[in-house]
Amino acid sequence: MNDWAILAAGWATMAIAMAVLWELQRRGGKAGIVDILWAAGVGVLAVAFAAAGSGYSMRRLLIAMLAGGWSFRLSRYLFARVLGSAEDGRYEKLKKDWGASAQPRMFAFFQMQAFWSVLFAAPILVAAGNAERPLGWLDLLGVAIWVVAVRGETAADRQLALFRSRPANRGKVCRDGLWRSSRHPNYFFEWIHWWAYCAIGWNAPHGWLTLAGPALMLLFLTKITGIPPTEANAIASRGDAYREYQRTTSVLFPWPPKEVAR
């Protein structure tokens, strides 16, 4: 099976899974479950693509372990967050704005997520074509990037969850830990994670295509599904407190906060 057939099979699988999930949310579930399936789906596709790749078997095993571990952590975190809280404000707003056409448009949105999951997993298929033997320093660099990224994202998620668990913080803006130097440290480390596969797959045929992973993630985080709707929801719920946070704190890349004259 060539790479295009592998990608097509991955897309068909995710399209079916997203259709089933859409039906579940239509029957009274939360639209936020799409985030869980996206994270889990990209991981499953990555493991399948690593298995189907034509590169060195030990490297493909390494890629499967890294991508699978990333996916398991993120999907488990999202599962607890989505099922343990009210509907995500982003999806609540979409349903309200779409009105009577909400469910047909939500179906299209779920199917778009199916396509995006294949798009994000595709660079991993490229990396899995790296036949260079044995494992080398670029593979070690990829593992180091993965460890830093996953540990950083885990820390950011825990800091935010702990902040939100305290009743006294209701309506306030989290500035604890990593959130002091970035408004979205979880997104920053998520972006860093995709560089791991660039390092591991750089010597594969057309290895430069692995750069699509971090490039796409940066685009999605800053322009499409990440920061814009998240910040709009934060302003709606926290108002001036969040606007001040925007004035003083870097949007994505960690940086010392600015001092604001009083």
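Taken together, the values in this text are just the output of simple stated rules run on the coordinates, not laboratory data. Since the structure is predicted, the reported quantities are computational estimates derived from the model, not experimental observations. Quick reminder, even Gly has a Cβ in these numbers, built from the backbone with ideal geometry, and neighbours come from all protein chains shown.
Observations
- Electrostatic tally near Gly68: other residues with Cβ closer than 15 Å to its Cβ, Lys and Arg +1, Asp and Glu -1, net +4.
- Ranking of Tyr187, Tyr197, Tyr242 by count of other Cβ atoms within 10 Å, fewest first: Tyr242, Tyr187, Tyr197
- Alpha carbon centroid spacing (whole Å) that separates segment 203-262 from segment 77-135: 18 Å
- Calculated FRET value between Asn169 and Arg247, using beta carbons and R₀ = 25 Å, to 0.05: 0.75
- Of Leu140, Leu218, the sequence from fewest to most neighbouring Cβ atoms within 10 angstrom is Leu140, Leu218.
- Only DSSP H runs of four or more residues enter the estimate; each adds -39500 (n - 2.57), and after division by the residues of the chain the mean residue ellipticity at 222 nm equals -23000 deg cm²/dmol.
- Whichever aspartates and glutamates have a C-alpha closer than 16 Å to that of Lys172, once near sequence neighbours (fewer than 8 apart) are set aside: Glu231, Asp240, Glu244
- When Ser71, Ser250 are sorted by how many other C-beta atoms sit within 10 angstrom of their C-beta, beginning with the fewest, the order is Ser250, Ser71.
- Net charge of neighbours whose Cβ lies under 14 Å from the Cβ of Cys198, counting Lys and Arg as +1 and Asp and Glu as -1: 0
- The dipole here belongs to segment 3-248: it is taken about the Cα centre, uses +1 on the Cβ of Lys and Arg and -1 on the Cβ of Asp and Glu, and is about 800 debye.
- Segment 107-158 - convex hull of the alpha-carbon atoms, volume per residue in Å³: 82 Å³
- Between Ile235 and Lys258, the modelled labels are 1.6 nm apart [label points 7 Å from Cα along Cα→Cβ].
- Note: relative contact order over the chain, using C-alpha pairs below 8 Å and six or more positions apart, is 21 percent.
- Cα gyration tensor shape for segment 1-74, rounded if a/c is under 1.5, else prolate or oblate: oblate
- Pairwise label distance in nanometres, Arg105 with Ser54, each label 7 Å out on the Cα-Cβ vector: 4.4 nm
- Three-way shape call for segment 208-262 based on the alpha-carbon gyration tensor, with the a/c threshold at 1.5: oblate
- Furthest towards positive pole of dipole, Thr210, Ala232, Ala39, structure part the chain, Cβ charges: Ala232
- Volume of the convex hull of the chain (Cα atoms only), normalised per residue: 124 Å³.
- Segment 140-262, relative contact order in percent, only Cα pairs under 8 angstrom and at least six apart counted: 32 percent
- Helix runs (DSSP H) in the chain reaching 15 Å along axis by Cα, Kyte-Doolittle at least 1.0: 33-52, 102-127
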